[in-house]
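Below: one structure, written as structure tokens.
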Amino acid sequence: MKKIEAVIRKSKFEDVKQALYDAGIEWFSYWDITGLGRSTEEQIVRGQVFQSSYIHRRMISIVVRDINLDKTLDAILNSAWTGDTGDGKIFIYDIQDTIRIRTRESGPEALFNKE
Amino acid sequence: MKRNILVTSLLSLLFIPTILAQTSALPTVAPTVNTGDTAWMIVATAFVLLMTIPGLALFYGGLVRRKNVLNVFMQCFIITAAISIEWVICGYSLSFGSSTGFLAPYIGGLDWAFLNNINITDLSPYFISHSQIGLDGKAIGTIPHIVFIMFQCMFAVITPALIIGAFAERINFKGFFIFTILWSLFIYNPVAHWVWSADGWLFKLGALDFAGGTVVHVNAGIAAIVTALVLGKRRDYKRHAIPPHNITYVVMGAGLLWVGWFGFNAGSGLAADGLAGNALMVTHIAAAAAALTWALLDWIIDKRPTVVGISTGAVAGLVAITPAAGFVGVPGALAIGVIVSLVCFCMVAYVKPKLGYDDSLDAFGVHGIGGMLGAILTGVLASPLIQPAYSGALYGNYRQLLVQLIAVFATIIFSGIGTFLLFKLTDKLVGIRASDKHEAIGLDETQHGETAYNNFD
């Protein structure tokens with residue numbers, strides 16, 4: 001089992017979501033993140049210009065069985081890509097175990113619905 | 001519906017013989033401003049401004065996604081500023097002024113451009129129930145002319161703002177701005193002239209539009225469907241609506257619209273009198289009936305009453321009662337409120353997804369359909385108990401229904417074709433659709449360089 005964490009553009013979220021559904025991913029969690037980087041953006045408030053280095057992105061987190069890893073990665077890579085700097089990154093972790101609370105099933109079995 | 005000097009004095013001659021004596025002998029006392037009427041009209045003007053900013057801005061802003069909320073607010077705000085300027089430059093003159101020759105029934109002239117020849121002591125030439133006899137023997141209103149001009153200015157402002165609902169979330173700001181100015185000049189002004197001016201052809205035909213059912217709501221609603229169709233769907237639209245980002249804004253917006261509508265409708269009598277009181281009452285009752293009906297429909301069909309539903313229902317009721325506010329009583333208001341919610345609910349819940357057009361915030365489904373329904377029902381339900389001179393089909397006056405249908409169809413055809421041509425022209429000039437990338441990132445950031453919900457530390 002692998003956990004995939006991907007930092008993507010907010011504007012690409014709808015496309016990534018659709019690509020993941022199409023790849024058979026049934027659920028994933030996501031949250032908005034703010035990062036700080038070296039590159040700054042100009043912000044103007046009532047004529048005053050100031051530099052802002054806040055970068056807004058969205059983080060998605062998916063745990064998949066090993067057989068699904070490649071197609072999930074492909075789905076994200078293809079749908080989150082624009083070619084400009086700042087398209088994001090993907091991190092992959094090993095998962096030690098998974099337990100479904102309702103049935104106490106554990107291991108890869110707990111990641112998908114057999115019914 | 002603005003009564004004019006000639007027709008009203010003619011009616012007065014027919015119906016009230018005592019006026020005859022007054023008009024034939026010139027009065028010796030100069031006409032004066034009625035302070036009560038004037039005070040109410042100044043307040044009503046402020047109420048109608050409140051409908052656009054922040055009322056409509058919040059209502060529409062809550063319904064879009066959070067990456068586009070500032071864009072909607074900005075559209076409402078810049079319309080308020082730009083159309084107010086257009087109004088004093090030539091809009092008022094084109095709408096309410098008079099021209100000569102074959103154009104007279106269709107558009108006003110430029111005599112009042114830059115409000116030329118209008119003094120602060122002048123009384124309004126337009127009036128409805130309150131009038132007085134001027135030194136020249138002609139009937140004249142009881143409020144200053146400039147107050148009438150400002151009151152009408154707010155109507156000119158809110159009408160293009162209503163169209164925003166159709167093209168929200170995908171329009172290029174420059175294209176939007178140019179289109180809005182052109183639309184106000186070439187679509188709003190003529191239609192206002194037709195229905196409300198002393199020379200207008202629909203006015204002379206006897207079309208009833210107390211506060212703007214055809215001029216404001218049908219006009220904007222038809223423009224809405226045309227712009228939605230020409231612009232195409234939003235990139236993320238897939239056969240169902242995109243959920244609102246902040247429903248509390250929607251409620252605040254609908255509430256402010258309801259408050260503002262008291263000025264819109266009860267101010268359209270241009271006086272503080274019983275007719276204004278009636279307009280206030282039927283406006284409130286129709287909105288309440290429509291809100292309740294929509295909530296019940298939600299409750300029965302989708303098992304739960306929704307907050308977006310009741311807010312939309314209230315606005316639909318307010319739209320539909322607009323043309324009728326000076327002509328129907330409480331029974332008529334109840335009927336209009338219930339019917340409009342039934343029809344608009346079916347329109348946005350079933351017909352829109354079937355047809356597959358992307359009217360982002362239902363500007364057509366609520367304002368267009370609600371406005372048409374209100375204008376037609378005015379021809380059915382107008383009661384002689386409210387204004388003795390006007391009655392609808394229910395009271396045996398079938399001609400009124402026919403006249404209302406003519407007014408609605410004329411507006412649909414003119415607004416439909418005119419909007420299409422102006423929208424295409426703007427597209428040729430500057431391009432009207434936001435680029436796919438800008439649409440994906442959001443119009444707040446790409447068109448204005450700002451974001452609504454910042455987390456600066």
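Residues in region A:15-32 that are exposed (fewer than 14 other Cβ atoms within 10 Å of the Cβ) and in a helix (DSSP H, G or I): 2 in all.
Return yes or no: is B:Gly442 loosely packed, with under 15 Cβ neighbours inside 10 Å and either over 30 Å from B:Asp209 (Cα atoms) or within 14 Å of chain A (Cβ to nearest Cβ) (or both)? Give the derivation first.
On the way: loosely packed, with under 15 Cβ neighbours inside 10 Å: no; either over 30 Å from B:Asp209 (Cα atoms) or within 14 Å of chain A (Cβ to nearest Cβ) (or both): yes.
Here the answer is no, as B:Gly442 does not meet what is asked.
Please find, within region B:412-439, the residue that is nearest to B:Val72 (Cα to Cα) out of those that are acidic (Asp, Glu) and within 11 Å of chain A (Cβ to nearest Cβ). Walk me through how you get there before you give the answer.
Residues of region B:412-439 that are acidic (Asp, Glu), as a first pass: B:427, B:436, B:439.
Now drop any that are not within 11 Å of chain A (Cβ to nearest Cβ), which leaves B:436, B:439.
On the way: B:Asp436: 18, B:Glu439: 14 Å.
Applying the filter and picking the extreme gives B:Glu439.
The listed residues are A:Ile67, A:Ile4, and the only one of them that is more than 10 Å from chain B (Cβ to nearest Cβ), farther than 22 Å from B:His448 by Cα and crowded, with 18+ Cβ neighbours inside 10 Å turns out to be A:Ile4. Evaluated against (1) under 19 Å from the mean Cα position of the chain (by Cα); (2) within 11 Å of chain B (Cβ to nearest Cβ); (3) β-branched (Val, Ile, Thr); (4) over 21 Å from B:Lys437 (Cβ atoms), A:Ile62 falls short on exactly one condition, (2).
Take the conditions touching a residue at least 24 places away in the same chain (Cβ under 8 Å), surrounded by fewer than 23 Cβ atoms within 10 Å (Cβ to Cβ) and assigned to a helix (DSSP H, G or I) and apply them to B:Leu296. Does it pass? The answer is no for B:Leu296. Summed over region B:56-85, residues that are buried (at least 22 other Cβ atoms within 10 Å of the Cβ) and over 26 Å from B:Tyr237 (Cβ atoms) total 1. B:Leu280 fulfils the conditions (1) surrounded by fewer than 24 Cβ atoms within 10 Å (Cβ to Cβ); (2) within 17 Å of the chain's Cα centre (by Cα); (3) closer than 21 Å to B:Gln400 by Cα except for a single criterion, (3).
The C-beta contact set for region A:50-73 (first residue over 21 Å from A:Ala110 (Cβ atoms), second residue surrounded by 15 or more Cβ atoms within 10 Å (Cβ to Cβ) and of a type in the set (Phe, Trp, Tyr), distance under 7 angstrom, 6+ apart or interchain) comprises A:Arg58/A:Phe13; A:Arg58/A:Tyr30; A:Met59/A:Tyr30. Within region B:306-335, residues that are farther than 14 Å from B:Gly374 by Cβ and modelled with pLDDT of 95 or more have Cβ atoms under 6 Å from residues that are among the β-branched types (Val, Ile, Thr) and in a loop (DSSP other than H, G, I, E, B) in these pairs: B:Gly329/B:Ile386, counting only partners at least 6 apart in sequence or on another chain.
Look at B:Glu450 and say whether it is outside any helix (DSSP H, G or I), charged (D, E, K, R) and within 14 Å of chain A (Cβ to nearest Cβ). Walk me through how you get there before you give the answer.
Working: outside any helix (DSSP H, G or I): yes; charged (D, E, K, R): yes; within 14 Å of chain A (Cβ to nearest Cβ): yes.
Spelling it out, B:Glu450 is indeed outside any helix (DSSP H, G or I), charged (D, E, K, R) and within 14 Å of chain A (Cβ to nearest Cβ).
Can you say whether B:Ile285 is part of a helix (DSSP H, G or I), touching an Asp or Glu at 6+ places or on another chain (Cβ under 9 Å) and buried (at least 19 other Cβ atoms within 10 Å of the Cβ), as far as the supplied structure shows? So B:Ile285 does not fit the description; no.
A search for C-beta distances below 7 Å between a residue of region A:19-39 that is more than 14 Å from chain B (Cβ to nearest Cβ) and closer than 24 Å to A:Ile55 by Cα and any residue that is part of a strand (DSSP E or B) and among the hydrophobic types (A, V, I, L, M, F, W, C), counting only pairs 6+ apart in sequence or on different chains, returns A:Phe28/A:Ile60; A:Phe28/A:Ile62; A:Tyr30/A:Met59; A:Tyr30/A:Ile60; A:Gly37/A:Ile55.
The values are calculated or read from the model by the stated rules, or taken from the named source; none is laboratory data. Keep in mind that what you see is a predicted model, and the values were worked out from it rather than measured. Backbone-built Cβ (ideal geometry, glycine too); neighbour counts: all protein chains shown.
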